[in-house]
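Okay, structure first, notes after.
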Amino acid sequence: MRPLDLLRLLSLAAIWGASFLFMRIIAPELGTFPTAFFRVLFACIGLLGILAMIRIRWDFRGKLKLCLVLGMINSGIPFAFYALAAQLLPTGYSAIFNATTPKKSAMLI
């Protein structure tokens, strides 16, 4: 593994691990759905920035609405449930559930 790949992996792990902490702090203040909305919004902005940097042309071919609905189902609803759980569960449980998300996603593929 190249050092740059290791740096990227550690950065991703730090961001992923810290996200539950921020959710735990922000969810009681903003509420469930605004927290999920802003989490998905920031991810969208980040992905658009990455697409702009690597100059990939993307075309929805008239399926933008379908992609938005799928994005809401696949990202918005689970993040809303995580924000709701962050208000009710202890922080340790939230950390465990958040950390196991990639493994659960990989098992579905």
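Couple of notes before you dig in:
- Chymotrypsin sites (Phe, Trp or Tyr not before Pro) lying in DSSP loop within the stretch 17-101, provided at most 16 other Cβ fall within 10 Å: W58, F60
- At q = 0.12, 0.19, 0.21, 0.24 Å⁻¹, base-10 log of I(q)/I(0) for the chain (Debye sum, equal scatterers on each alpha carbon): -0.52, -1.16, -1.28, -1.38
- Comparing I56, A43, A18 along the charge dipole axis of the chain, the residue lying farthest to the positive side is I56, per the Cβ-charge model.
- Spherically averaged projected area in nm², based on the convex hull that wraps the Cα atoms of the stretch 32-84: 3.8 nm²
- Working from label points 7 Å from Cα in the Cα-to-Cβ sense, the F33 to A52 distance is 2.9 nm.
- Summary value for the chain: 46 percent relative contact order, contacts being C-alpha pairs under 8 angstrom separated by 6+ residues.
- In plain terms, the chain from A43 to K63 could stretch by 5.2 nm, reckoned as 0.36 nm per residue minus the Cα-Cα distance.
- 222 nm mean residue ellipticity, helices alone, for the chain (DSSP H n ≥ 4; -39,500 (n - 2.57); rounded to 500): -26500 deg cm²/dmol
No lab work stands behind these numbers, since they all come straight from the coordinates. Everything quoted here is computed from the prediction, not taken from an experiment. Methodologically, a virtual Cβ is constructed for each residue, glycine included, from the backbone with ideal geometry; neighbour enumeration extends over all protein chains shown.
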